[in-house]
1. Within the range 60-90, how many residues turn out to be within 15 Å of residue 115 (Cα to Cα) and among the hydrophobic types (A, V, I, L, M, F, W, C)?
2. With respect to residue 143, is the statement that it is at pLDDT 90 or above, surrounded by fewer than 17 Cβ atoms within 10 Å (Cβ to Cβ), of a type in the set (Ser, Thr, Tyr) and under 24 Å from the mean Cα position of the chain (by Cα) true?
3. Can you name the residue in the range 109-140 that is crowded, with 16+ Cβ neighbours inside 10 Å, in contact with a strand residue (DSSP E or B) (Cβ under 7 Å, 6 or more places away or on another chain) and among the hydrophobic types (A, V, I, L, M, F, W, C) and is also nearest to residue 66 (Cα to Cα) among such residues?
4. Just checking, how many residues over the range 146-165 are over 17 Å from the mean Cα position of the chain (by Cα) and modelled with pLDDT under 85?
5. Looking only at the range 89-141, filter to residues that are among the β-branched types (Val, Ile, Thr) and in a loop (DSSP other than H, G, I, E, B); which one of those is farthest from residue 155 (Cα to Cα)?
6. Mind counting the residues in the range 1-50 that are among the small types (Gly, Ala, Ser), modelled with pLDDT under 80 and part of a helix (DSSP H, G or I)?
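The values are calculated or read from the model by the stated rules, or taken from the named source; none is laboratory data. These figures come from a predicted structure and were not determined experimentally. Glycine gets a Cβ as well: all are built from the backbone with ideal geometry, and neighbour counts include every protein chain shown.
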Amino acid sequence: MAVTVKVVARPAGIRGHTYLVAVAEGMWVTFRHLMKNFPGNVLGLRKKTDIATLSYPEEKQAYPARNRGLHRLMKRENGDVRCVACMMCPTVCPAHCITIVPEEAPDNAVEKRPRIFEIDELRCVVCGLCVEACPCDAIRMDTKVHAPPTLRRADAILDMEALLARGEPSIATQGGTGPFWREKV
């Protein structure tokens, strides 16, 4: 099998030997954009909707309807934490940001409960897998609250009290709505 070499000729003329034409074309595109945008911005002729940026502290963009936000722990009717320390959320978490230390419940109403429940919001990738994995609707991410800035890493680790402060009593029933959930009431 013979190997052949394909010879490609270089473009001839001034355009092929220098970059002056390409530089001039690029400068023309830049000048066109400058003339299109500059007078409207200086004289205030452009509409507010034409501008793609926001003045952040004064103007805040609304979060989308399906924004997850910060975590929160749900409460039972009696005010106790709804979590039964089944360890599903730390198992499924890809960032390993959830720490749970279980303990026995003193009243034996539930076999376990978390003694320590911590979420490191700086490690969290906001995937929502912990919410999907929770079998008892104990953790949610529907607060629509952005994580506040912190100066120390320890301030971004939310403990059980901080997570319960955002929570509310859950109206979800354990095991669903029953065998006739498709029937309209």
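1. 7
2. no
3. 131
4. Here the count works out to 0.
5. The qualifying residue farthest from residue 155 (Cα to Cα) is 110.
6. The total comes to 2.
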